[in-house]
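Structure first, then comments.
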Amino acid sequence: MRKIKIIVCIKQVPDPEGPASAFEVDPVALKVIPVGIPPVISPFDENALEAALRLKEQNGAEIVAISLGEKLSKQILRKALAAKADDLILLEDPLFKDLDSYSTAYVLSTMIKRIDPYDLILTGRQAADWDFGLTGLLIADILEIPSINLARKVTIIDNNRVQVERLNRDGYQVVRAQMPVLVTVSSDVGELRYTSVLALRAASSKPVKVYKAADLEIDREKLRTRQILKLVSNNIQRECRHIKGESSQDKGENLAILLREDGVI
């Protein structure tokens with residue numbers, strides 16, 4: 001009996017933990033430019049990877065991580081290998097820059113068809129940069145397989161079905177589906193487990209497969225970029241004020257008064 005094959009889609013994004021002041025808005029080019037913000041794997045996709053790793057421990061599954069973009073950092077994405085994914089595939093091409101959700105799903109599904117047979121596809125509930133929450137479900141639509149959204153727990157039963165605890169407003173539903181199936185994973189699954197420096201170092205020497213648009217025979221007419229109609233930034237005014245007082249107590253009281261006047265407290 002072959003191993004169950006799990007595909008996890010992971011997206012490289014600017015670190016969402018970076019300070020808001022490090023993101024510049026260009027209203028002419030309609031771009032948000034991160035300044036000095038390092039790329040990371042989207043935390044929502046790390047939730048999906050953690051769900052896959054738990055299934056691997058329970059069922060001896062094989063995990064294939066896939067990432068798509070124009071310029072991808074192998075060093076950052078190898079974190080998936082350090083966490084014990086078996087393979088990492090990068091879909092990297094200038095044509096893949098700023099794709100909309102459907103085009104992203106189209107390219108990913110084209111690669112997934114090449115991996116066939118597969119049993120389970122896991123994605124984050126949404127991306128940490130644009131927060132659309134569409135790509136995973138669109139992949140399922142293109143592949144014509146069932147999809148289950150917002151999973152807090154995923155279990156494989158009978159080696160050919162999944163059982164999912166799916167979040168809703170009042171709690172959760174228990175849903176079962178025949179594999180192959182796509183599941184978007186909620187952050188309720190939990191954060192990706194810690195990866196040691198030794199594991200990251202070992203992952204740096206593991207092979208990574210890279211595919212260009214030509215390798216996948218991508219139909220360029222199906223590639224569309226995000227259409228941003230308007231992009232504005234908050235006009236934040238900053239003012240430095242020195243708190244005066246003869247003693248530390250006076251300065252503290254004066255600071256409290258200013259904070260109250262500004263509506264902070």
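Bear in mind these aren't lab numbers, they're just calculated from the coordinates by the rules spelled out. No experiment lies behind these values; they were computed from the predicted model shown. Cβ sites come from the backbone with ideal geometry, for glycine too, and all protein chains shown count toward neighbours.
Largest mean-square fluctuation among Thr104, Thr135, Thr195, in a Gaussian network model of the chain whose springs join Cα atoms under 10 Å apart, belongs to Thr195. Which one, Asn159, Gly252, Pro38, projects farthest toward the positive side of the charge dipole computed for the chain from Cβ point charges (K/R +1, D/E -1)? The one lying farthest along the dipole's positive direction is Asn159. Residues of the range 158-195 with the amide nitrogen closer than 18 Å to a label point 7 Å from the Cα of Lys3, along Cα-to-Cβ, please. From the range 158-195, the list is 159-160. Kirkwood hydrodynamic radius (Cα pairs, Å) of the chain? Hydrodynamic radius (Kirkwood, Cα pairs) of the chain is 20.6 Å. Projected label points at Arg176 and Ala214, each 7 Å from Cα along the beta carbon direction, are separated by 5.0 nanometres. Magnitude of the charge dipole for the chain, about its Cα centre and with charges confined to Cβ atoms of Lys, Arg (+1) and Asp, Glu (-1), is about 700 debye. Set the Förster distance to 30 Å, then compute FRET efficiency between His242 and Ile33 from the Cβ-Cβ distance, nearest 0.05. It comes to 0.35. For the range 1-94, trypsin sites (Lys or Arg not before Pro) are listed when DSSP marks them as loop and at most 11 other Cβ atoms sit within 10 Å of their Cβ; the list is Arg2, Lys71.
Counted as membrane-span-like here are DSSP H helices of the chain whose alpha-carbon atoms extend 15 Å or more along the helix's own axis and whose Kyte-Doolittle mean is -1.0 or above; these are 43-59, 101-115, 248-261.
Based on the convex hull around the alpha carbon atoms, the range 152-236 presents an average projected area of 12.8 nm².
Of the trypsin sites (Lys or Arg not before Pro) found in the range 179-265, those that fall in a DSSP loop while having at most 11 other beta-carbon atoms within 10 Å are Lys230, Arg238, Arg241, Lys244. Between Ser204 and Trp130, what FRET efficiency follows from the Cβ-Cβ distance if R0 is 30 Å, with the result rounded to 0.05? E between Ser204 and Trp130, to the nearest 0.05, is 0.55.
Remark: spin-label model distance Lys113-Asp188 equals 3.5 nm, labels positioned 7 Å along the Cα→Cβ axis.
Partner lysines whose Cα lies under 18 Å from the Cα of Lys230, excluding those fewer than 8 positions away in the same chain, are identified as Lys31. Comparing Ala213, Ala22, Ala177 in a Gaussian network model of the chain where C-alpha atoms under 10 Å apart are linked, the largest mean-square fluctuation is found at Ala22. Model label points for Asp26 and Asp250, set 7 angstrom from Cα along the Cα-to-Cβ axis, are 5.1 nm apart.
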